[in-house]
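Trainee: I'd like to ask some things about the structure below.
Readers should treat all values here as calculations from the given coordinates under stated rules, not as data from a laboratory. Keep in mind it's a predicted model, so treat the numbers as computed, not measured. Cβ: placed from backbone, ideal geometry, glycine included. Neighbour counts: every protein chain shown.
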C-alpha cells in the first residue's frame, strides 16, 4: 500500500476556510441506509435519491458526468458499510461543517471517470461534457485551504473548472491563500501506463499528487505487448489486454485513452484476459475479445475523493479509491492488466483521531498459466491539518 503522508503545520491562523453550507444536514449511514437530520440528530429521515445495495450506500451520479458535491453538517459511516456514488463520475467532494467519523469507508474505488480533462464539450474522448462549460486548466484541479504555518500561495479564480457547476460554485466561497495556505495541484495527466512486457507486463506508474497509470500488457517477447494508458486528474488509467502466445498485438489490445475501455484480450487459439477499465476489456480465444466474458477485465478505475472537515476526523477504517483487476483465471494463458488507483485527499480543522491511512492501490493483474499483465499504478493519498472556519 502506498505511503500515506500526513501534514501538520503550526503558527498563526489565517482567514476563514470553506467547509460547505451544511444544507444536507447531519448524515449517517447504517443498516437503515442513508439518513439525514436537520434537528441535531433528534429525528432522522431517508435521504431522497440515495440508494443502498447490500452494504453499499450510493449518492446519485451521472455516468462520466460532473463531480458530486455533498454539503453535510456531520457524517457517520457505520462499520461494515461503504459510502460511494452510483456511477463513475468526475469525483466526489464531501464538505462537512462538523465532525466526520468513518467506521466504514468513503470510497471512489472503480468510480473513475472516462473523460479528457482538456475537453469542455462532448468528444470521442469525453462522453459527457462538464456542466460548467470549461476545460480543466493546465495547472490541474487546485485544492487550497488556509493552514496555520503553511506557506503556499494560490489566487486562481478558476477553481474546479471542468468539474461541473456544483463544484465550481462551491469553491467560489474559498478565498485565495497568499503565503498562508496548503495548495494541492492534481495534475491533468496521472501516472504513465506500464510498458508492454517481455512475458509479464510492467506495472503502471505513479506521479506526485496524481492518479496511477494502467498496467502494461503481457505476451511473448517476439511479438511485443500493448502498454497501459496514463491516468487523468479524474481517474486512474486503464490496463492492457493479454496477448495470445503466437499473435501480434492488434490495436484492440491497447486500452483507450482518458480512462476508457480496458484493452481486449487477443489470441492465437489460447485464452487471454482483458484489461481493467471503463468498461473492462473482454477476454479472447479464437477472436479478438468479446467471446470469453468470464475472462473480461473488471470494470472501473480509481477516482477522485476529497473530504473537507470543519471538526474532528475519526478514521477507524481507510477511505479508498482503488483500481480494478485485470481479467484472468486458471484456464488463461495470458492475463489482463489492472487499472490505476485514484486520489484521496483529506483536510480537517479539528483533531485527527485514529490512523491517517487510505488505500489508493492500483488494481492487480488477473491470474494466468503463463504470463501476467502488470498491476495498475498506485494513486496518491494526502491528509492536511487546516484552519477552522
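Trainee: Could you identify which residue out of 342, 350, 49 has the top mean-square fluctuation in a GNM of the chain using Cα springs shorter than 10 Å?
Mentor: Of the options given, 49 has the highest mean-square fluctuation.
Trainee: With a Förster radius of 35 Å, plug the Cβ-Cβ distance of residue 172 and residue 63 into 1/(1 + (r/R0)^6) and report the FRET value to the nearest 0.05. Show your work: numbers first, answer last.
Mentor: Numbers: r = 27 Å, r/R0 = 0.76.
Once the sixth-power term is evaluated, E becomes 0.85.
Trainee: I've got another one for you. Just grab the label-to-label distance for residue 353 and residue 367, each label 7 Å out from Cα along the Cβ direction, in nm (one decimal).
Mentor: Going from the residue 353 label point to the residue 367 one covers 4.2 nm.
Trainee: Does anything in the stretch 92-109 have its amide N under 20 Å from the 7 Å Cα→Cβ label point of residue 389, and if so which residues?
Mentor: Residues 93-102 fall inside that zone.
Trainee: In addition: With springs connecting C-alpha atoms under 10 Å apart, model the chain as a Gaussian network and identify which of 169, 208, 124 has the largest mean-square fluctuation.
Mentor: Judging by the Gaussian network model, the answer is 124.
Trainee: Once you treat every alpha carbon in the stretch 8-102 as an equal point and sum by Debye, what is log10 I(q)/I(0) at q = 0.15 Å⁻¹?
Mentor: Once normalised to I(0) and log-transformed, intensities are -0.62.
Trainee: Hey, what did the chain get for relative contact order, percent, Cα under 8 Å, at least 6 apart?
Mentor: Values: 1702 pairs, mean separation 65.2, N = 389.
Reported as a whole number, the value is 17 percent.
Trainee: Continuing with this model, one more query. Taking the stretch 23-178 as the region of interest, what is the percent of Cα-Cα pairs per 5 angstrom bin, listed from the shortest bin to the one with the maximum distance?
Mentor: 2, 9, 16, 18, 18, 15, 13, 7, 2, 0
Trainee: Name the residue, out of 173, 99, 134, whose mean-square fluctuation peaks in a Gaussian network model built on the chain with Cα pairs under 10 Å.
Mentor: Checking each option, the largest mean-square fluctuation is seen for 173.
Trainee: Moving on. Would you mind getting me the FRET efficiency between residue 183 and residue 331? Use the beta-carbon distance for r and R0 = 56 Å, nearest 0.05. Don't skip to the answer; put the middle values down first.
Mentor: Working: r = 50 Å, r/R0 = 0.90.
For residue 183 and residue 331, the calculated efficiency is 0.65.
Trainee: Rounded, prolate or oblate: which fits the stretch 112-262 when a ≥ b ≥ c are the square roots of the eigenvalues of the alpha-carbon gyration tensor, with rounded for a/c under 1.5 and prolate only if a/b beats b/c?
Mentor: Working: a/c = 4.68, a/b = 2.04, b/c = 2.29.
The shape class here is oblate.
Trainee: Kirkwood hydrodynamic radius (Cα pairs, Å) of the chain?
Mentor: Values: mean 1/r = 0.0487 Å⁻¹.
That comes to 20.5 Å for the chain.
Trainee: When DSSP beta bridges are limited to those with both residues in the chain, what percentage is antiparallel, rounded to the nearest 5?
Mentor: Details: 24 of 73 bridges.
Here the antiparallel bridges make up roughly 35 percent for the chain.
Trainee: If I model a spin label at residue 31 and residue 122 as a point 7 Å from the Cα along the Cα→Cβ vector, what separation in nanometres do I get?
Mentor: Result: 4.5 nm between the two label points.
Trainee: What does a probe at residue 151 reach in the stretch 351-389, counting residues whose amide N is under 20 Å from the point 7 Å along Cα→Cβ?
Mentor: Within reach of a label on residue 151: 383-387.
Trainee: Quick one, what does Rg over Rh come out to for the stretch 50-142 if you take C-alpha atoms and the Kirkwood Rh? List each step's numbers first, then the result.
Mentor: Details: Rg = 14.7 Å, Rh = 14.4 Å.
Here Rg/Rh amounts to 1.02.
Trainee: Residue separation times 0.36 nm, minus the C-alpha to C-alpha distance between residue 42 and residue 294: what's the value? Walk me through the numbers before you get to the answer.
Mentor: Working: separation 252, 0.36 × 252 = 90.72 nm, distance 4.89 nm.
Separation in residues times 0.36 nm, less the Cα-Cα distance, equals 85.8 nm.
Trainee: Then there's this: Hey, what did the stretch 169-209 get for relative contact order, percent, Cα under 8 Å, at least 6 apart? Working shown, then result.
Mentor: Values: 26 pairs, mean separation 13.0, N = 41.
Contact order relative to length: 32 percent.
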